[in-house]
Amino acid sequence: MHILYLSYDGLTDPLGQSQVLPYLRGLSASGYRITVASFEKREAYVLHQETIAQFCELHGLRWIPLSYTKHPPILSTLFDIVKLWRLVQRLHREEHFRLVHCRSYITALVGLRMKQRYGCKFLFDMRGFWVDERVEGGIWSLGNPLFQFIYRYFKRKEKEFFENADHIICLTEAGRTEIHSWPLVNQPVPITVIPCCADLSLFSYEHILPTRQAAYRSALGLPANSLTLSYLGSIGTWYMLPEMLTFFKVLRKRVRDAHFLFITGENPEVIEKEALRQGIPLDSLTIKRANRQEVPYYLSLSDISIFFCKPVFSKIASSPTKQAEIMGMGIPVICNDKVGDTAQIIDETGAGIVLSLFEKNVYEKVVDRVEEALAIPKEKIRAGALKYYSLENGVAQYLRVYQELLN
């Protein structure tokens, strides 16, 4: 059975490599013929095109890369939508797809139209409350009449997606509960929750070779016995760098040789500038860019990991990939609540510490519990990752949805 998979994220992007390709590999291995159309950013495409093309060929995926248009704002996205619709019409004449699987809202515009024109099953893989993320992330200012118009347009389309999709994939139980509270036709609309899973064979402390780990530690110049706090991933719009550094500052008052390891592609100057503003010595920080295969080794150098994410409405439908990867490594987590199912999973699995307020006295109480968190067995934390974030479980859930829609 032939499936069309549409993604506005590029397969050559880090997100495409971690959150698209592993699922498609599993679905293809189960006998589905999948054509993937994705929008590729020039820099990433130049670097990774050959590797991704080989991966797709090896796993029986037909990949059609389209160039992502960045400028001018708004018009560039409209241009990409038109480009995708023309491609999809041509492909459907050749292949007669039975199902169109749309990753997020932009491609869902095309997926809904395919259902209406050709009768394809429409799977809306929403990924999060994208429209509200644009506003709460400061990308669309509702004080601007143009962005207000765009916001209202997409909120109408969002309602259409939920009411017309043959099935919906949501990242969190909190998001599903929110959607089911809305005045939509045909409630409760069919939703399956599949969080951002991780390749837990890659993110596993059991696969860390001590000699290689020691070489990574030596290359970074990390003291062997210091307490190392880590942060994994980009910071961007949602992750709260000032608050995380303030927490680290409080931690250093208790543990003088504590070190903060950032595993990130972020510009180091952004992190260093904020650290200096807070009076944190730069020699207590290490900022390192890593490729996907290196990340588990760098993570393994940390004793505990942290991420603070803005607790706004749109984030109730978000599932941080970093949580799955950190827990897979058996590393305890310090995080905040009101972000998807993050807090509930940490509490249920006993994988770390959850806070509700970003205040110094709260940080001090968390620091009081760090020693307790460090004593959590790695096996217990990883068991939580296997329960909630196993890639195999994620693929199995997608397969059930495919089978339900196509049989």
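Only the coordinates and a few stated rules stand behind these numbers; no lab work does. Owing to the predicted nature of the structure, the values given are computational and were not obtained by experimental measurement. Don't worry about glycine lacking a Cβ; one is built from the backbone with ideal geometry, like all the others, and counts go over all protein chains shown.
From the helices alone, meaning DSSP H stretches of at least four residues, give me the mean residue ellipticity at 222 nm for the chain, per-run term -39500 (n - 2.57), in deg cm²/dmol to the nearest 500. Please report the intermediate quantities before stating the final value.
Values: 18 runs with 202 residues, N = 407.
Only helices count here, giving -15000 deg cm²/dmol.
Sort 24-32, 211-219 by the packing proxy (mean of other Cβ within 10 Å over each peptide's residues), most packed first.
Ranking the peptides 24-32, 211-219 by packing returns 24-32, 211-219.
On a 0 to 90 degree scale, rounded to 10, what angle separates helix 210-220 from the longest Cα axis of the chain?
Value to nearest ten degrees: 80.
Using the alpha-carbon atoms, what tilt in degrees (0 to 90, nearest 10) does helix 268-277 show relative to the longest principal axis of the chain?
So the helix axis and the longest Cα principal axis differ by about 50 degrees.
For the Cα atoms of the chain, what angle does the longest principal axis make with the long axis of helix 75-95, in degrees from 0 to 90, nearest 10?
Roughly 60 degrees, rounded to the nearest 10.
Among G175, G221, P242, flag the residue with its Cα farthest along the positive direction of the charge dipole of the chain, charges on Cβ as +1 for Lys/Arg and -1 for Asp/Glu.
G175
Nothing charged except the Cβ atoms of Lys and Arg (+1) and of Asp and Glu (-1): what's the magnitude of the dipole of segment 17-97 about its Cα centre? Round to the nearest 20 debye.
200
Which of T237, T246, T192 moves the most in a Gaussian network model of the chain with Cα springs under 10 Å?
T237
Bins of 10 Å, beginning at zero and ending with the bin holding the largest distance: percent of Cα pairs per bin for the chain, please.
Calculated over all Cα pairs of the chain, the distribution is 4, 21, 31, 26, 14, 4, 0 percent.
When the chain is fully extended, how far beyond the present Cα-Cα distance does E294 get from L78, taking 0.36 nm per residue of separation?
Numbers: separation 216, 0.36 × 216 = 77.76 nm, distance 3.73 nm.
Residue separation times 0.36 nm, minus the Cα-Cα distance, leaves 74.0 nm.
Quote the charge dipole size of segment 205-389 about the Cα centre in Debye, to the nearest 20; the model charges only the Cβ of Lys and Arg (+1) and of Asp and Glu (-1).
180
Test of understanding: what is the full-extension gain from F313 to D347, defined as 0.36 nm times their sequence separation minus their Cα-Cα distance?
10.1 nm
Roughly speaking, what is the centre-to-centre gap between segment 262-320 and segment 214-254 when only Cα atoms are used, to the nearest Å?
7
Could you sort 106-118, 280-292 so that the peptide with the highest average Cβ count within 10 Å comes first and the rest follow in order?
Numbers: 106-118: 19.8, 280-292: 14.3.
Descending mean neighbour count gives 106-118, 280-292.
Restricting the count to DSSP beta bridges whose residues both fall in segment 205-389, what percent are antiparallel, rounded to a multiple of 5? Please list the in-between numbers first.
Details: 1 of 19 bridges.
So the antiparallel bridges in segment 205-389 amount to around 5 percent.
Suppose every K and R has +1 on its Cβ and every D and E has -1 on its Cβ; what is the size of the dipole of the chain about the Cα centre, in Debye to the nearest 20?
900
How big is the gap, in Å, between the Cα center of segment 347-369 and the Cα center of segment 67-143?
First find each Cα centre; the distance between them is then 39 Å.
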